[in-house]
Amino acid sequence: MTTICACALTSKMWLYVGKALGRLNRRHCGLISKGCLRQLHNNELTDSCYDGMYPGHIHTTPIQKALLAVGSGVAALQNPYRHDMVAVLGETTGHLALMNLRDRMRNDPEGYTVLTERPRIRLSTLDLNRMASLPDGSFGREYLRFLEDNHVTPDSRADVKFVDHEELAYVMQRYREVHDLLHTLLGMPTNMLGEVAVKWFEAAQTGLPMCALGAVLGPLRLSSSRLQSLFTSLGPWALQNGRRSRCILSIFYERRWEQNLEDLRQELNIEPPPPVILGETNKRTVKEE
């Protein structure tokens with residue numbers, strides 16, 4: 001009973017904080033114009049919100065970024081499937097981690113090529129027919145199978161808006177677009193346990209505060225049996241591989257579709273997943289934002 005009351009009190013507290021931040025933002029900050037707010041909600045790019053740094057960029061001050069970070073963090077806590085709020089949280093808190101990731105990419109020959117050529121992973125850039133013709137076990141075929149089995153589309157990843165550096169904005173965009181590729185590399189499903197495991201890997205690999213927050217709070221939504229699996233097997237495996245593997249953003253995945261998945265894992269120094277969640281089929285559809 002005490003636990004239930006505490007949870008209810010915490011929920012009410014976050015709701016109050018969110019409402020207070022909303023009033024403060026409306027009355028005093030003037031964060032962005034009404035037109036830009038409509039653009040953010042509808043995910044549409046307009047000339048009025050494009051300041052020339054990159055298409056869709058919205059300039060914000062440090063105070064505005066802090067307000068966005070708190071507000072989006074509260075919204076993401078209330079609903080982890082609010083991908084738009086998770087995206088804003090990542091953009092407004094990840095500057096130092098993005099700089100570190102960018103430097104790691106620059107110091108890797110393949111990563112430097114990715115930074116130079118700026119590939120995008122979208123349905124418009126993928127040759128799905130060619131990927132479907134690849135043999136079972138190839139990276140491209142297994143990635144396509146992941147998309148089909150889980151009803152996922154790479155086009156669900158929102159465009160970056162609040163990163164005030166053009167190159168770092170691409171690093172964040174690349175991180176988002178390789179997320180489903182990482183599910184394939186790690187052999188993780190899209191159920192809550194699989195998503196938490198990927199977040200633990202990403203937290204150790206990228207240092208992004210958003211990933212660390214997801215790694216800490218995600219387990220709160222797991223059942224006791226899955227918590228045991230996470231803490232005794234899956235979690236340590238994800239953290240260890242995240243720390244020691246090659247930078248996941250430094251791979252030109254678009255040129256690796258034909259490569260055997262197991263060979264690619266060995267090249268990246270990623271061990272096969274433990275058998276604890278193999279065969280789970282709790283899937284969810286990722287809505288386009």
(request) Give the range 221-265 a look and list any residue that's basic (Lys, Arg) and under 24 Å from Asp136 (Cα atoms), or say none. (result) Arg255, Arg256, Arg265
(request) Working carefully through the options Arg130, Arg82, Arg104, Arg120, find the one that is within 18 Å of Leu213 (Cα to Cα) and of a type in the set (Lys, Arg). (result) Arg82
(message) Tell me whether the range 249-270 contains one or more residues that are at pLDDT below 95 and outside any loop (DSSP other than H, G, I, E, B).
(response) no
(request) Spot the failing condition for Ser224; the list is (1) free of Cβ contacts under 8 Å to residues at least 40 places away in the same chain; (2) within 22 Å of Arg120 (Cβ to Cβ), and only one is missed. (result) (2)
(request) Scan Leu134, Leu168, Leu123, Leu144 and give me the residue that is part of a loop (DSSP other than H, G, I, E, B), of a type in the set (A, V, I, L, M, F, W, C) and modelled with pLDDT of 95 or more. (result) Leu134
(message) Based on this model, can you work out whether Leu213 counts as in a helix (DSSP H, G or I) and open to solvent by 30 Å² or more (accessible area, probe 1.4 Å)?
(response) yes
(request) Output the residues belonging to the range 139-174 that are aromatic (Phe, Trp, Tyr) and open to solvent by less than 10 Å² (accessible area, probe 1.4 Å). (result) Phe139, Tyr143, Phe162
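The values are calculated or read from the model by the stated rules, or taken from the named source; none is laboratory data. Small disclaimer: the values here were computed from a predicted structure and weren't measured. Virtual Cβ from ideal backbone geometry, glycine too; neighbours counted across all protein chains shown. Note: areas computed on protein heavy atoms with side chains; ligands, DNA, RNA excluded. Shrake-Rupley method; radii C 1.70, N 1.55, O 1.52, S 1.80 Å.
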